[in-house]
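Read through the structure below, which is laid out as structure tokens, and then see the notes.
The values are calculated or read from the model by the stated rules, or taken from the named source; none is laboratory data. All figures in this text were calculated on a predicted structure; none of them were measured in a lab. Glycine also receives a Cβ, built like all others from the backbone with ideal geometry; neighbour counts cover every protein chain displayed. Remember, those area values only see protein heavy atoms, side chains included, never the ligands or the DNA or RNA. Shrake-Rupley method; radii C 1.70, N 1.55, O 1.52, S 1.80 Å.
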Amino acid sequence: MPKPLLHNLTLERWQLIKQAACVLEVPAEHLAAVIAFETGEAFSPHVSNPFSRAIGLIQFTPVGYESIKGRGYSYRDIGVMTFEEQLFGPVVDYLMANKATSRKELADLYMCVLAPAAVNKPHDFVLYRSPRKSYTQNKGLDDAGKGYITKADAAQEVLKKLKKVIYTVKQLEKGVI
């Protein structure tokens, strides 16, 4: 049975992701997996989360935006940028500001987006506990219903996207899709 494709990951977007990953010195497949997860596989810079006010390719929140404030664009600008503008502006800026460069492990790259304090922490590091708002906003990551979310729980979901990214990229590069 063929694996599902990420239909919104086009060859053009893949080429841009590879360029951004090169700037960040991270595996391009990892960056694509993070974007796939954060956008619900839409790869759209306009995706928004009504529960957290997060928007864009890596779901910027107003609080998260603070680390890149003053870079020539406002929080409102993020939601109207093209894929390329957002990727090479706020996304690269944010990941650099949150020490994503040279992150070879997918879990740590994703923690730069979700919970920067968890970068370089063990996989059993607890990110969020119930009944906090941060837990409620990310409750879907707690598949076992433990009442808390670990770094491994969060990374597991992105790892699922990584498998789809790898398969899709192979098809794109073969010219199958």
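Tabulated values for the structure
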item	result
First in the range 91-105 and touching a residue at least 40 places away in the same chain (Cβ under 8 Å) and hydroxyl-bearing (Ser, Thr, Tyr), second anywhere and open to solvent by 60 Å² or more (accessible area, probe 1.4 Å) and not in a helix (DSSP H, G or I), Cβ under 6 Å, 6 or more apart	101/25; 102/25
Top-ranked residue of the range 1-47 - restricted to ones that are β-branched (Val, Ile, Thr) and assigned to a helix (DSSP H, G or I), ranked as surrounded by the most Cβ atoms within 10 Å (Cβ to Cβ)	35
Output for the range 93-107, where each listed residue is part of a helix (DSSP H, G or I) and surrounded by 19 or more Cβ atoms within 10 Å (Cβ to Cβ)	94, 95, 106, 107
Test: residue in the range 136-150 that is within 13 Å of the chain's Cα centre (by Cα), open to solvent by 30 Å² or more (accessible area, probe 1.4 Å) and modelled with pLDDT of 95 or more	no
Filter pass, residue 71 being charged (D, E, K, R), over 16 Å from the mean Cα position of the chain (by Cα) and not in a helix (DSSP H, G or I)	yes
Residue 110 vs. criteria surrounded by 19 or more Cβ atoms within 10 Å (Cβ to Cβ), closer than 21 Å to residue 132 by Cβ and modelled with pLDDT of 90 or more	yes
All positions within the range 48-59 that are hydrophobic (A, V, I, L, M, F, W, C), surrounded by 17 or more Cβ atoms within 10 Å (Cβ to Cβ) and either within 10 Å of the chain's Cα centre (by Cα) or in a loop (DSSP other than H, G, I, E, B) (or both)	54, 57, 58
Residue selected from the range 62-87 under the condition closer than 12 Å to residue 45 by Cα and of a type in the set (A, V, I, L, M, F, W, C), by the criterion most open to solvent (accessible area, probe 1.4 Å)	80
Odd one out for residue 127, checked against (1) closer than 17 Å to residue 59 by Cβ; (2) in a helix (DSSP H, G or I)	(2)
Selection within the range 158-177 - open to solvent by less than 30 Å² (accessible area, probe 1.4 Å) and within 18 Å of residue 31 (Cβ to Cβ)	158, 162, 165, 168, 169, 172
